[in-house]
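Notes follow the structure.
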Amino acid sequence: MNLNEQDVSRYWNENSSIWADQVRKGYDIYREVLNNPSIFGLIGNIQGKKLLDAGCGEGHNTRKLAAAGAKVVGIDLSSKMIELAQQEESLHPLGISYVEGSFTSMPAFANGQFDMIVAFMSLMDGPDYEKAIHEFYRVLRPDGQLIFSISHPCFLPEVLTWINDENGVPYRLAIGNYFIQKPYVDKWKFSLSPEADKMPEFHIPYFPRTLSDFINPLVEEGFHLKKMIEPRPTEDDCEANPALEKWRKHAAIFLQIKAEKAI
């Protein structure tokens with residue numbers, strides 16, 4: 001399947017209303033319980049810093065960044081997502097500016113404009129990761145930081161199957177097509193949402209890459225790799241949400257990376 005940024009924008013426009021509704025209700029459990037606590041710890045103190053939220057969607061995490069004291073700009077391909085984000089900013093102003101566009105080409109932003117760029121689960125959803133990294137490097141100041149989370153490329157390729165024991169408990173993960181980099185559209189929903197049974201599926205375009213495909217362009221662009229985190233659910237997380245147990249025992253669902261622009 002051939003997919004481009006216009007396709008990405010179209011799919012996310014179609015997802016936007018139900019996505020925003022579910023996220024704003026706190027029903028993206030994997031984000032709220034696992035991904036966000038870890039990556040916001042990685043982000044640290046951002047009081048007074050100039051931040052870019054790359055692939056901001058409807059602005060859920062963008063607002064968290066602004067509430068933590070940063071001056072934030074959000075950019076996203078989806079006009080519908082940006083519209084929803086701007087509506088929320090109008091209702092509850094936090095000083096956020098939103099831009100509709102691609103984070104692979106951002107002529108509106110000056111060289112060295114931002115102290116930090118954060119990309120929450122967006123870099124695996126675009127067709128040109130290398131161009132994005134190049135543009136991020138340009139708009140970051142020297143020693144500025146890039147922090148992003150992605151679906152873990154080693155454990156969430158297109159082909160994966162959980163194998164259950166005799167009691168129906170997942171005890172092994174079988175994966176395939178790790179090296180196959182053919183774009184595809186996945187269909188899923190927030191499975192842990194209390195409204196999952198009546199919620200339609202999202203159609204999400206993905207652009208598979210290996211771990212080295214994510215790391216090498218950072219190094220080649222001039223970033224210094226500072227930290228990698230594979231967030232793991234706690235025992236308390238699993239007690240509250242038993243579906244997380246397999247991700248505590250057997251594999252990582254997310255990968256988070258912190259890199260720094262050379263001085």
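Looking only at residues of the stretch 113-136 that are farther than 20 Å from TYR30 by Cβ, in contact (Cβ under 8 Å) with a residue 40 or more places away in the chain and crowded, with 21+ Cβ neighbours inside 10 Å, we find that the one that is farthest from the chain's Cα centre (by Cα) is PHE114.
Of all residues in the stretch 236-263, those that are farther than 15 Å from PHE148 by Cα have Cβ atoms under 9 Å from Cβ atoms of residues that are part of a loop (DSSP other than H, G, I, E, B) and among the small types (Gly, Ala, Ser), 6 or more apart or on another chain, in ALA243/SER191; ALA262/GLY222. With respect to the stated conditions, ILE204 is among the hydrophobic types (A, V, I, L, M, F, W, C), in contact (Cβ under 8 Å) with a residue 40 or more places away in the chain and under 16 Å from ASP125 (Cβ atoms). Of all residues in the stretch 1-58, those satisfying the criterion of being free of Cβ contacts under 8 Å to residues at least 24 places away in the same chain and closer than 20 Å to PRO208 by Cα are GLN6, ARG10.
Scanning the stretch 8-49 for residues that are buried (at least 16 other Cβ atoms within 10 Å of the Cβ) and outside any helix (DSSP H, G or I) yields TYR27, ASP28, ILE46, LYS49. Condition check for LEU52 on (1) at pLDDT 95 or above; (2) aliphatic (A, V, I, L, M); (3) surrounded by fewer than 22 Cβ atoms within 10 Å (Cβ to Cβ): one failure, at (3). One residue alone among LEU146, LEU94 is touching a Lys or Arg at 6+ places or on another chain (Cβ under 8 Å) and farther than 25 Å from THR210 by Cα, and that residue is LEU94. The set of residues from the stretch 65-87 being out of contact with any helix residue (DSSP H, G or I) (no Cβ under 7 Å at 6 or more places or on another chain) and either of a type outside the set (Asp, Glu) or crowded, with 21+ Cβ neighbours inside 10 Å (or both) comprises LEU65, ALA66, ALA67, ALA68, GLY69, ALA70, LYS71, VAL73, ILE75, ILE82, GLN86, GLN87. Taken together, the criteria exclude ALA174 from residues that are over 21 Å from GLY126 (Cα atoms) and surrounded by 12 or more Cβ atoms within 10 Å (Cβ to Cβ). Could you tell me which residue of the stretch 201-233 is farthest from the chain's Cα centre (by Cα), considering only residues that are aliphatic (A, V, I, L, M) and farther than 28 Å from PHE190 by Cα? Result: VAL219.
The values are calculated or read from the model by the stated rules, or taken from the named source; none is laboratory data. The structure displayed is predicted, hence computed values, not measured ones. We place every Cβ from the backbone using ideal geometry, glycine too, and count neighbours over all the protein chains shown.
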